[in-house]
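Here the structure comes first, spelled out in structure tokens, and everything after it is commentary.
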Amino acid sequence: MRRMLFVGLLALLSVGFVRTRSEPYRVVFDLTSRDTLEQKAVLRWIREVGASSPNAQMEVVMYGKGFELVMPERSAYIADVKEAMKNPNVTFKVCAIALRNNSVDARQLVPGVTTVPDGIYEIVSKQQDHWGYIKVVH
């Protein structure tokens, strides 16, 4: 009897584990700094997540000074950004408020980078939609 109970419990736990693994892998990265170590880190994480989970959806939301990652005249990693953007599951979004506060025009960004009205709201919305959240810091 104990053995049957144990096998039944193990079967139920296995079903729960399989169901959890089938959940979509979606993560939003929060980048607010012009710090090159943080910029390099988020690009590395995108590569690593994409390699281990090719279907993972990833979004980098930039506000504060984080948008400098996607400005060709200010970023040391434009080639890496363009390479990351080749993955259809990777998006880069910049807060329009941050651009306005820093007198930057959206046309100064790498083509393909989109703007959102409010970067913080974008992140909160993603979290409400069950996206994982990573604050980019070193």
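Quick notes
- Search result, residues across the range 48-76 that are touching a residue at least 40 places away in the same chain (Cβ under 8 Å) and farther than 19 Å from VAL28 by Cβ: ARG74, ALA76
So that you can scan it fast, the table gives a plain yes or no per residue for (1) open to solvent by 20 Å² or more (accessible area, probe 1.4 Å); (2) in a helix (DSSP H, G or I); (3) within 22 Å of GLN108 (Cα to Cα); (4) at pLDDT 95 or above:
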{"position": "SER33", "(1), (2), (3), (4)": "yes, no, yes, yes"}
{"position": "VAL42", "(1), (2), (3), (4)": "no, yes, yes, yes"}
{"position": "ARG74", "(1), (2), (3), (4)": "yes, no, yes, yes"}
{"position": "ALA79", "(1), (2), (3), (4)": "yes, yes, yes, yes"}
{"position": "GLU83", "(1), (2), (3), (4)": "yes, yes, yes, yes"}
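- All positions within the range 46-65 that are within 18 Å of GLY132 (Cβ to Cβ) and open to solvent by less than 60 Å² (accessible area, probe 1.4 Å): ILE46, VAL49, GLY50, SER53, ALA56, MET58, GLU59, VAL60, VAL61, MET62
- The residue that is surrounded by the fewest Cβ atoms within 10 Å (Cβ to Cβ), counting only those in the range 85-123 that are part of a helix (DSSP H, G or I) and without any contact (Cβ under 8 Å) to a residue 12 or more places away in the chain, is ARG107.
The values are calculated or read from the model by the stated rules, or taken from the named source; none is laboratory data. Computed from a predicted structure; not experimentally measured. Because the Cβ atoms are built from the backbone with ideal geometry, glycine has one as well, and the counts that use them run over all protein chains shown. Heavy atoms of the whole protein, side chains included, go into the accessibility calculation; ligands, DNA and RNA do not. Shrake-Rupley method; radii C 1.70, N 1.55, O 1.52, S 1.80 Å.
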